[in-house]
Structure formats: C-alpha cells, structure tokens
Amino acid sequence: MNNRRDFLKLASLAGVGLLGHNSLHGAESEYKRDSALKHIKKASEKPYRQIFNMSGYRAPKIDTVRIGFIGLGRGIAHFKSATKLEGVDIKAVCDLVPEKINRAMDMLKGTGHKPDIYTDDVNAWKRLCERDDLDLIYVATPWNMHVEVALYAMEQGKHVGVEVPAATTVEECRQLVTTSEQKRKHCVILENCCYDFFELLTLNMARQGFFGEVMHCEGAHIHDLLDNITRKNFKWNMWRLRENISRNGNLYPTHGLGPVCQIMNINRGDKMDYLVSMSTNDFMLSDRLTELKSTDSFYLPFNADNPRGNMNTTLI
C-alpha cells in the first residue's frame, strides 16, 4: 500500500491491517475502508459463545489408543513414531498415493501393527472416520482439507490431531472449536514448536514465575521454502504452491504463536482480541515461477500475480 496515512487510519479504525499491491486513494480508498469496517462489524455481531472450555479438559483414559492416519506424506514422521509407542494400535491408514502407502507398510514390518488400507478414491478418508474401532484420527492432508476431515472425525466420535495450519479462516477456527466443545473430543493442533526442549523449558520457567508477569512476547518462523513449494510433484497436486500463490498474509503462524499463547495463558484467563498484519511484496516466488515456465510447461497454469509476501509481521 503506497498511501501510508490511509493504511494507518484503516488500521486504527478497524483493528485490521490490509496490505496489498494496489494503492488506496480517493473514492477507492473510502470504498475499501467502508467495506472493511462493514465486514468487521458483521463479524462482531456474531461473537463466539463458548460452550465448554476444552483447555485443561481430560478425556476418559484409553489404555490402548487405536489410531487412523489420514495422509502419509507429512504425516509419515509421526506415523513412524507411533510404531514405537506402547499403548498404541495403528488400525487404519489412508492416502491417495500408493507409494506413500507402501512406504508406511514397510515401516510396520515386525511391529505387529496390521492396519486396513484406504486408497481407492478421494472420499476413502470418510469411511476410515466412520469405523467404530478408532479413538484418534491423525490428519496430515493438504491444508484445504484439514477442517473438513477434522470436523467429520469429531462428529463420528473420534479425537483428532491435525497438522498446522489447522484452519485458514476465523470461521473455520470457530467450527473446529465449537465441534470440539459440543462433542467433548480433543482437537489438538500438532504444532511441534510447542513441544521442543527450549519452548517447554521457557514455559516451565514462566509458570514458576521466573519472569514475573509476562507483558510482551515475540515469536517467529523464518524459513526459506522456495525450493520446497516449487519442486515438481513434491506435494500432491502441488497443493502448497497453490496456497502460496492464492493467499497473502501469514500462512503458517503457529510455530511462533503456539509457544507464546501457552506462556501468556491464552484461553486460560486471557484472549487475543485483534490484529494488524503487514506483509512485504514478493521478490522471490514470482521470479522463480517465471524461470520455471521458460523451460517446463508444467508450471504454466500457476500464476503468481499476487502471492504471499516474503516477510510478514503481525501485531496481536
């Protein structure tokens, strides 16, 4: 946004930063500002009403946790870990890519786990969720399926562990929380940075009062993923590239945000009210796609006219 005054005015009025590639001035500025305010007002008219606070909730003990895995790409690391845990029975696995199924089955040799396989169609995951011999569903699908799968699994009476980002809109977040509260089923965001040694050490110190009252926290996730998201067929249907060229903002916030929320007791007496999100322009992805298109027609359908910025800072 070129007109800094309009941006600051909008941020102060709305509590939300809108940062794009188009300049805002004159009638266009007034129109976009009014539209943003109407959208915020509409959202505020329907405040979320908590049914039951799942923070700290302890579900009835399960001696042997029966797990179904949906997605064996990114999910393969936790799948491998599950094969080494006591009190776990891997009952079912689902993935559309046969090679990933085969890799998972190779990991099970000699472990005693004999899961049923779901790989024949795009809705096979629903049949897995509908089984009555599962306690937990592990969701490691492309991002756009996280909410759909997690909601369906909880509605079928299953606890859920879902890879990040668990959702991509506020409304989707509310759906996950509401369903978890209604069904009394855990919906755990599998944010690994919440459980690293340094983060757990810091959380323990904060809860013991080593830092006094915590008034301000900063978290970050700075990671060059350009090769990862543009690698040909590295992700099913190039889903991660599609996410990066279709939305702008902080697409992957919980690495930095998760540990901060724990330290500041979010949803345990405090909450986050509003945010201002600011992104730079993109100086990498568009150029990389242009370069790839010059030698490989595979990339021609991917247009990066307004991709996510290279750096994003969000004040909450």
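Quick notes on this structure:
- Qualifying helices (runs of 4 or more DSSP H) (wholly inside the stretch 224-264; at least 2 residues being among the polar types (S, T, N, Q), on the phi < 0 side of the Ramachandran plot and under 16 Å from the mean Cα position of the chain (by Cα)): 239-246
- The stretch 284-305, residues that are at pLDDT below 95, of a type in the set (A, V, I, L, M) and over 14 Å from ARG242 (Cα atoms): MET284
- Close contacts from the stretch 47-71, counting a first residue that is within 27 Å of PRO98 (Cβ to Cβ) and a second that is of a type in the set (S, T, N, Q), with Cβ to Cβ under 9 Å and a gap of 6+ residues or different chains, come to ILE70/THR141; GLY71/THR141.
- So MET284, is it over 22 Å from GLY73 (Cα atoms) and touching a Leu at 6+ places or on another chain (Cβ under 7 Å): yes
- Residue list for the stretch 152-162, filter: under 14 Å from the mean Cα position of the chain (by Cα) and crowded, with 22+ Cβ neighbours inside 10 Å: VAL160, VAL162
- Within this structure, LEU200 fails the test of being aliphatic (A, V, I, L, M) and open to solvent by less than 40 Å² (accessible area, probe 1.4 Å).
- Per the listing THR178, THR141, the residue uniquely of a type in the set (Val, Ile, Thr), outside any strand (DSSP E or B), more than 24 Å from ARG242 (Cα to Cα) and touching a residue at least 24 places away in the same chain (Cβ under 8 Å) is THR178.
- Every residue from the stretch 289-305 that is over 15 Å from TRP239 (Cα atoms) and open to solvent by 60 Å² or more (accessible area, probe 1.4 Å): THR290, GLU291, SER294, THR295, SER297, LEU300, ASP305
- Number of positions in the stretch 69-101 that are more than 20 Å from ARG127 (Cα to Cα) and over 23 Å from the mean Cα position of the chain (by Cα): 7
Residues checked against (1) touching a Lys or Arg at 6+ places or on another chain (Cβ under 7 Å); (2) without any contact (Cβ under 8 Å) to a residue 24 or more places away in the chain; (3) closer than 13 Å to ASN312 by Cα; (4) among the charged types (D, E, K, R):
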position: TYR195; (1), (2), (3), (4): no, yes, no, no
position: ASN204; (1), (2), (3), (4): no, yes, no, no
position: ASP227; (1), (2), (3), (4): no, yes, no, yes
position: THR230; (1), (2), (3), (4): yes, no, no, no
position: ARG247; (1), (2), (3), (4): yes, no, yes, yes
position: TYR252; (1), (2), (3), (4): no, no, yes, no
position: GLY258; (1), (2), (3), (4): no, no, no, no
position: ASP287; (1), (2), (3), (4): no, yes, no, yes
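- All conditions but one from (1) aromatic (Phe, Trp, Tyr); (2) loosely packed, with under 15 Cβ neighbours inside 10 Å; (3) modelled with pLDDT under 95; (4) farther than 19 Å from LEU257 by Cα apply to PHE210; the one that does not is (3).
- Check on CYS129, modelled with pLDDT of 95 or more and open to solvent by 20 Å² or more (accessible area, probe 1.4 Å): no
- Residues in the stretch 114-126 that are buried (at least 17 other Cβ atoms within 10 Å of the Cβ) and either touching a residue at least 60 places away in the same chain (Cβ under 8 Å) or in a loop (DSSP other than H, G, I, E, B) (or both): PRO115 alone.
- Subset of the stretch 246-277 [hydrophobic (A, V, I, L, M, F, W, C) and either open to solvent by 60 Å² or more (accessible area, probe 1.4 Å) or more than 24 Å from TRP143 (Cβ to Cβ) (or both)]: ILE263, MET264, MET272, LEU275
- Sole residue being open to solvent by 40 Å² or more (accessible area, probe 1.4 Å) and hydroxyl-bearing (Ser, Thr, Tyr), chosen from THR111, THR83: THR111
The values are calculated or read from the model by the stated rules, or taken from the named source; none is laboratory data. These numbers come from a predicted model, not from an experiment. Reconstructed Cβ throughout: ideal geometry from the backbone, glycine too, with neighbour counts over all protein chains shown. Only protein heavy atoms, including side chains, enter the accessible area calculation; ligands, DNA and RNA are left aside. Shrake-Rupley method; radii C 1.70, N 1.55, O 1.52, S 1.80 Å.
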